[in-house]
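**Q** Quick one: this structure, given as structure tokens, is what I'll be asking you about.
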Amino acid sequence: MILGTLAAAGAGTAALLYANESRGLDRALLAAAHAHARPAAPGAWEVEHSSSPVEVWITHPGDPRVPEPWAAEARASERPLYADAGDRRLLLLTAEAEEPHDHHDDRGDRRDRRDRDERRDRDERRDRDERRDRGERGERHVLVAASAPRVTFAGVAGPFAVIYGAVAALAALAAAALERRIVRRALRPLDRARREAARVRGFAQGARLTEEGPDEVRAPIAAINALLDRLDAAFEAQVRFTADAAHELRSPVAAMLGEVEVALRRPRSPDEYREVLASTREEIERLRALVEGLTALARIDAGQVEQGRERTTARALAERAAARESPALERAACPFHLVIDADADLAAHPALVEAAIANLLRNAAAHAPGAEVTLRVAPASDMIEFIVDDRGPGVPLEDREAVFDRFVRSGESRRRHRAGLGLGLPIAREVARRHGGDCRIEDAPGGGCRAVLTLPRAPAPSPPPAPATS
């Protein structure tokens with residue numbers, strides 16, 4: 001790029017020099033022709049120590065130095081005519097000849113004095129004689145020719161190209177060396193980051209790249225470190241989730257095995273076997289709920305929330321969730337009320353949103369048995385809220401964020417509700433956030449717990465295109 005720029009600049013400069021030299025030569029030829037046609041300086045001048053490259057003479061028909069077509073064109077146009085004749089530049093200029101006068105007056109005396117002065121110059125005598133001869137024949141115009149060596153592009157640009165090429169080469173070498181040094185210094189932090197990244201063999205090791213160097217280099221390194229932070233956090237969350245899931249799966253399996261082994265140690269009555277089967281059924285129900293919860297989380301993490309969206313209404317989702325959890329609410333002796341303050345269109349994954357609302361109702365039935373439970377659909381700016389109120393003990397302020405972690409339950413709910421899995425609220429929040437909303441825990445106005453799940457309203461559908469008219 002540097003060499004190309006220098007070459008383009010050099011070519012443009014050389015062309016400009018050539019054009020200026022050509023115009024300068026044309027102006028010099030025109031000045032010499034004017035001076036020869038109308039001499040103003042008295043006397044003759046002769047310079048012996050140098051010679052002018054411009055040759056000026058009065059041409060006449062048959063002059064071998066001036067082609068006749070050029071001379072005819074110059075006489076016809078009465079304007080300076082420039083042409084290249086071989087290696088010389090030629091100018092033809094039409095000038096008005098002086099007529100001889102015999103009477104003596106002041107002007108004649110001055111003309112005579114000038115003529116006497118011009119006769120001293122041997123070169124001017126010939127031209128004056130030719131003009132006098134033409135005047136005697138009645139001609140009033142003569143043709144002045146001026147010639148000089150032609151300006152060539154090679155002659156002008158050659159020396160400049162040599163000097164400019166040498167200077168440009170030195171400048172390019174210096175710029176390349178400087179650029180190489182600057183680039184190597186700028187990329188040194190990236191090379192160090194590459195070596196440090198090669199030493200990272202796994203997650204959760206705490207390895208980070210050194211954030212040094214120019215701002216342009218520090219920015220991507222900082223972004224890579226932020227990515228490593230997120231990957232480590234995701235890996236730790238996955239490890240914790242896997243450990244918690246394994247523990248939760250192991251607990252009911254161990255309980256079922258223990259009860260079955262105890263039952264098989266000796267013969268038992270039908271009532272005793274029935275009691276063991278009932279207890280085993282509870283553990284199987286817990287396993288089923290756990291598998292469903294893990295499946296829902298896997299679907300959310302796999303992006304099925306974004307893939308399976310369709311247009312539905314808030315009323316329809318609330319009614320289906322209420323119908324789904326009505327048996328659990330009846331078993332918990334919880335009076336239930338569904339209140340629709342407003343309806344709205346939603347672009348949502350119906351199955352997952354319905355499961356999220358059902359989880360809020362199931363939590364209310366589990367933690368507030370016998371208390372009144374209300375599901376309200378209410379508007380909130382460009383959002384729609386699903387509000388579940390109960391008259392239970394509520395959630396302490398310090399535990400309201402912790403209960404959204406997977407497999408986390410507060411101490412009181414763990415003691416009173418052993419069958420809980422700690423997945424209902426995390427699933428509800430994940431579903432809401434994947435839809436652009438959120439889920440939170442508050443105090444209910446009349447005491448108890450309030451769970452609020454918010455979802456954005458769907459944009460209005462585009463109007464159908466107008467039918468074409470013939």
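**Q** Measuring from label point to label point, each 7 Å out along Cα→Cβ, what is the Ala255 to Arg65 span in nm?
**A** Those two pseudo-labels are separated by 12.5 nm.
**Q** Residue-wise, which Karplus ³J(HN,Hα) couplings in Hz belong to segment 337-346, taking 6.51 cos²θ - 1.76 cosθ + 1.60, θ = phi - 60°, and x for glycine or proline?
**A** Rounded to whole hertz, the list is 9, 10, 10, 10, 6, 7, 10, 7, 7, 10.
**Q** Report, by chain and number, residues whose modeled amide H sits under 5 Å from the one on Phe407, excluding near sequence neighbours (fewer than 5 apart, same chain).
**A** Leu423
**Q** Could you list which residues have their amide H under 5 Å from that of Cys334, counting only those 5 or more apart in sequence or on another chain, with H placed in the peptide plane?
**A** Under 5 Å from the amide H of Cys334: Gly370.
**Q** Whenever you get a sec, compute what percent of the accessible area on segment 159-224 sits on carbon and sulfur atoms (1.4 Å probe). Intermediate results must be reported in sequence, preceding the final value.
**A** Details: 3050 of 4860 Å².
Whole-percent figure for carbon plus sulfur exposure: 63.
**Q** Now for a separate question. Quick check: from the Cα gyration tensor, does segment 351-394 come out rounded (a/c under 1.5), prolate or oblate? Don't skip to the answer; put the middle values down first.
**A** On the way: a/c = 3.15, a/b = 1.57, b/c = 2.01.
In terms of gyration-tensor shape, oblate.
**Q** Per residue of segment 259-266, what does 6.51 cos²θ - 1.76 cosθ + 1.60 with θ = phi - 60° give for ³J(HN,Hα)? Whole Hz please, x for Gly and Pro, Karplus curve as stated.
**A** 5, 5, 5, 5, 5, 8, 5, 8
**Q** Which whole-Hz couplings ³J(HN,Hα) result when phi for each residue of segment 391-397 is put into the Karplus expression 6.51 cos²θ - 1.76 cosθ + 1.60, θ = phi - 60°, listed in order with x for Gly and Pro?
**A** Per-residue couplings from phi come out as 10, x, x, x, 10, x, 4 Hz.
**Q** Taking amide hydrogens as modeled 1.01 Å from N in the peptide plane, which residues meet the under 5 Å criterion relative to Ala458, leaving out close sequence neighbours?
**A** Result for Ala458 returns Asp345, Leu346, Ala347.
The values are calculated or read from the model by the stated rules, or taken from the named source; none is laboratory data. Model, not experiment: these values are computed from the prediction. When we count neighbours, we look across all protein chains shown, and the Cβ atoms used for this are built from the backbone with ideal geometry, even at glycine. Accessible surface areas use protein heavy atoms only, side chains included; no ligands, DNA or RNA. Shrake-Rupley method; radii C 1.70, N 1.55, O 1.52, S 1.80 Å.
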